[in-house]
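Heads up, the thing below is written out as C-alpha cells.
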Amino acid sequence: MTIKSVMVIGAGQMGSGIAQVFAQAGYKVLINDIKQELVEKSIERIKVRLFHQVDKNKLTKEQAASILLNFVPSIHVEDVEQADLVIEAATENMEIKKDIFKRIDQYAVKDAILASNTSSLSITEMAAVTKRPEQVIGMHFMNPVPVMKLVEMIRGLETSDFVYRTSMEVVQEIGKTPVEVKDFPGFISNRILMTMINEAIFALYEGIASKEAIDRVMTLGMNHPMGPLTLADFIGLDTCLYIMETLHEGFGDDKYRPCPLLKQYVHAGRLGKKTGRGFYCYE
Ligand code: CAA
C-alpha cells in the first residue's frame, strides 16, 4: 500500500507539527478542525516556521512555497475519503476521540490506516468503536514535532502486522524514528516522563528545593534540555494532570497519584506557557 495523502484531525500545536512534517516530506496533507479559523491559524503558524527555516538557509523560498501548496484546509470530516492515512490529534479525551473514530470509520476508504496521536489513552478502546480495529494504530509524536525524532508506535490488541509495518515505513520516510510499544496506560514515554515530572512537583510541594533548584539539578546534573517543571509548563499542566490520572486509574498504584499541587495549579487555571503562568511566569 502506498500512502500519498494524510489527513490530520485537530489543528492545535501537535496537529500542526504533524501536518508540517508530512508536508515537508512531500505528502498531500488535509488539515482538519471544526472551525475554518483554527485551520487557517494552523497553516499560518506552519508558514512562519517554514520561513524561519528560509531565514536560516535551511530551506529556499521556493521550497517553502512548494511545501505550503501541499496543504488542503478541511472542516468536514467527510473529506477523510481523500486520505490514505488519518492521524487524529484532537483533545486528549477518550469520548471525543471515540466520536472522531466512529465518524472517520464511516467515510474513510477501505484500506486507510487510522492512527491516533494520543499520549496515554487506549488504542484498543478507540479501535473497538470502528468496524476495522486491525487498521487502527497509535502514532505518538513528541512536542515540538518538527524537532523531536521519536514516534512511539502503539500496537492495539487487534492492530495487524501489515498496518504496523506500513506505519513504521511511513514514519521513517518523514525522517522520524519509530519505536514499538504495547498498548498500556501512558505507553513508555509518559509512564516514565510524567512520573518524573510528578515527583519533581512533589519535591516542590514538600519544600525540598525551589523550582529553579529542582530544574537546575536535572538540566546540569542529568543533561536534560529542560528541567521537569519547565517541561511541565511547556507540555501544559492540564495535560500532565490528565496523563497522571490515566496512569493512576489504569494501574491503580499509589506511585501514580497526581501531586495535590499539580491539581491546585490546574484548578487555578495556571496551565503553563499557554496561559502565561504555570510554575513560572511567561507574561
Ligand atoms: N516548533 C518548531 N521548532 C521549534 C520549536 C517549536 N515549538 N521550538 C524550538 N524549535 C526549533 C528552533 O527553531 C531551533 O531550530 P533552528 O536551530 O533551526 O533555529 C531548534 O528547535 C532549537 O531551538 P532553540 O535554540 O530555540 O532552543 P533549545 O535549543 O532550547 O531547544 C527544545 C528547544 C527543542 C524545545 C529543547 O528545549 C528540548 O528538547 N526540550 C525538551 C522537549 C521535550 O522533552 N519534548 C517532549 C515533551 S513530552 C511529549 O511531547 C509527550 C507527551 O505526550 C506529553
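The residues of the range 130-145 that are assigned to a loop (DSSP other than H, G, I, E, B) and buried (at least 17 other Cβ atoms within 10 Å of the Cβ), listed by number, are Thr130, Arg132, Met142, Val145. On inspection, Arg103 does not qualify as in a helix (DSSP H, G or I) and more than 23 Å from His76 (Cβ to Cβ). His267 fulfils the conditions (1) outside the structural domain of Met126 (by the TED database); (2) within 22 Å of the chain's Cα centre (by Cα) except for a single criterion, (2). When restricted to residues that are in contact with a helix residue (DSSP H, G or I) (Cβ under 6 Å, 6 or more places away or on another chain) and closer than 30 Å to Gln24 by Cα, the range 169-226 contains 6. The residues listed here are Gln36, Gln53, Gln106, Gln63; of these, the one that is in the same structural domain as Ala128 (by the TED database) and closer than 27 Å to Ile154 by Cα is Gln106.
You will find that of Ala25, Ala11, Ala19, the residue that is within 20 Å of the chain's Cα centre (by Cα), surrounded by 24 or more Cβ atoms within 10 Å (Cβ to Cβ) and under 18 Å from Ala65 (Cα atoms) is Ala19 and no other. Condition check for Asp111 on (1) open to solvent by less than 30 Å² (accessible area, probe 1.4 Å); (2) in a loop (DSSP other than H, G, I, E, B); (3) among the acidic types (Asp, Glu): one failure, at (1).
Only one of the numbered conditions (1) under 30 Å from Val136 (Cβ atoms); (2) within 16 Å of the ligand (Cβ to nearest atom); (3) outside any helix (DSSP H, G or I) is not met by Asn57, and that is (1). Within the range 160-197, the set of residues being among the polar types (S, T, N, Q) and not in a loop (DSSP other than H, G, I, E, B) comprises Thr166, Ser167, Gln172, Thr177, Ser189, Asn190, Thr195. Taken residue by residue, the range 180-188 has at least one member that is more than 13 Å from the ligand (Cβ to nearest atom), open to solvent by less than 60 Å² (accessible area, probe 1.4 Å) and either under 21 Å from Glu152 (Cβ atoms) or in contact (Cβ under 8 Å) with a residue 40 or more places away in the chain (or both).
For the range 148-171, the tally of residues that are open to solvent by 10 Å² or more (accessible area, probe 1.4 Å) and within 18 Å of Met14 (Cα to Cα) stands at 3. Counting only helices (runs of 4 or more DSSP H) wholly contained in the range 207-283, the ones carrying 1 or more residues that are within 13 Å of the ligand (Cβ to nearest atom) and of a type outside the set (Gly, Ala, Ser) occupy 211-222, 228-235, 237-251.
The values are calculated or read from the model by the stated rules, or taken from the named source; none is laboratory data. Here the structure is a predicted model, which is why all the values come from computation and not from measurement. Neighbour counts are summed over all protein chains in view; Cβ atoms, including those assigned to glycine, are modelled from backbone coordinates with ideal geometry. The accessibility values were calculated without ligands, DNA or RNA, using every heavy atom of the protein model including side chains. Shrake-Rupley method; radii C 1.70, N 1.55, O 1.52, S 1.80 Å.
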